[in-house]
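What follows is a set of notes on a single structure, which appears directly below.
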Amino acid sequence: MTRLTEDVIWGVPDDRMDLDSKLLKTTGRTVKGIAMEAAGLEAEDYDFSAFRAAAVPVTSGLGIIGGFARSVAAITTRLGMPSTVTSRPDVAGFAEATDAGADIVMMSDDPLFMAYNTRERRYTDNSWGTAMGYSVCLRDAAGGLEGDDVLVIGAGRVGSWAVKILRGMGARVSVADIVYEKAEALIPYGARPCRDVERAVSENTLLLNAAPYIIPGEIIADGTIVSSPGVPHYYDLEGRTRCKAIIHDPLEIGTAVMAVNSAAYTIKREMRA
Ligand code: 2YJ
């Protein structure tokens, strides 16, 4: 799994109008709107102020990324959840969040980033949240995906989830990975593995790039929409000119989907009661 770095997440979430206005132009929705759609909340808007979120810094593995927990808490604050960063890391931080009555505890080591709903004792994994959020973005930007061809680049955690989610949205999904066997392993989920990623890119106009793959602009077809959670993120001038839309942010969409989906465990249970 790709590890974030301090410079990649610096300033996230950026000025609210920035990502929200870009997403509004391409998908018709804000970050919160995408997250609510991804979590299956059908209301026009929702007041999340009853969900207190805590971000716990985690020192294990490669250690704390400066600003990570602060960015995560800022993202949940923007969703309307009163949010804090715990003063202590790791288990002591989790205890601090619990003592403070946090409903959603956000924390990440190197392989797993999760939002744990303490009321429901269930968590949402960021790999799913990222795949779901970027699939919803692609669907909204394309005006639906039923019967459409979509190429997923990268058969890691996010890419594998994206294959399953996009199939569920009615798309015909191809998948490419530098390790062909990883793409092949997704055949049981309805994906068509591709050996030649450059050819696959040139033949598709709907892409979900979940790999650290910098797509050369000269192979991108005119009018392509790229939903692009992968980092490093770079599209050259030709690529930016040819694409109708490139949807990307390093942290906010996946984190917002993860937090809202965790809160939705409680919201949906209360609706059923
Ligand atoms: O608490 C900290 O500061 C660190 N332990 C954060 C680690 C951040 N996690 C990662 O970089 C993971 N590889 C997952 C990133 C998922 C982003 N979509």
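The values are calculated or read from the model by the stated rules, or taken from the named source; none is laboratory data. Treat the numbers as computed from the prediction; the structure is a model and nothing was measured. In this analysis, Cβ positions are derived from the backbone assuming ideal geometry, glycine residues included, and neighbour counts consider all displayed protein chains.
Check R70 against each of (1) within 14 Å of the ligand (Cβ to nearest atom); (2) under 19 Å from S262 (Cβ atoms); (3) part of a helix (DSSP H, G or I); (4) of a type outside the set (A, V, I, L, M) and name the one condition it does not meet.
The number of the failed condition is (2).
Mind checking which helices (runs of 4 or more DSSP H) fall wholly inside the stretch 109-189 and carry at least 2 residues that are within 23 Å of A245 (Cα to Cα) and in contact with a strand residue (DSSP E or B) (Cβ under 6 Å, 6 or more places away or on another chain)?
Details: elements: 126-142, 157-168, 180-184.
Where helices (runs of 4 or more DSSP H) fall fully within the stretch 109-189 and carry at least 2 residues being within 23 Å of A245 (Cα to Cα) and in contact with a strand residue (DSSP E or B) (Cβ under 6 Å, 6 or more places away or on another chain), they are 126-142, 157-168.
Taking the options E44, E37, name whichever one is buried (at least 18 other Cβ atoms within 10 Å of the Cβ) and either at pLDDT below 85 or of a type in the set (D, E) (or both).
E37
Can you find a residue in the stretch 221-231 that is in contact with a Phe, Trp or Tyr (Cβ under 6 Å, 6 or more places away or on another chain), within 16 Å of the ligand (Cβ to nearest atom) and not in a helix (DSSP H, G or I)?
Yes: one or more hits.
Quick test for you: out of L62, L145, L151, pick the one residue that is touching a residue at least 40 places away in the same chain (Cβ under 8 Å), closer than 27 Å to E203 by Cβ and touching a Lys or Arg at 6+ places or on another chain (Cβ under 7 Å).
L145
Return the pairs, sorted by first residue and then second, in which the second residue is among the hydroxyl-bearing types (S, T, Y) and assigned to a loop (DSSP other than H, G, I, E, B), the first residue lies in the stretch 212-226 and is more than 14 Å from L151 (Cβ to Cβ), the beta carbons are less than 8 Å apart, and the residues are 6+ apart or on different chains.
If the second residue must be among the hydroxyl-bearing types (S, T, Y) and assigned to a loop (DSSP other than H, G, I, E, B), the pairs left are P212/T2; I214/Y234; I214/Y235; G217/Y235; G223/T205.
I'd like to check something: does the stretch 81-95 contain any residue that is in a loop (DSSP other than H, G, I, E, B), more than 14 Å from the ligand (Cβ to nearest atom), in contact (Cβ under 8 Å) with a residue 40 or more places away in the chain and under 21 Å from the mean Cα position of the chain (by Cα)?
For the stretch 81-95, residues in a loop (DSSP other than H, G, I, E, B), more than 14 Å from the ligand (Cβ to nearest atom), in contact (Cβ under 8 Å) with a residue 40 or more places away in the chain and under 21 Å from the mean Cα position of the chain (by Cα): present.
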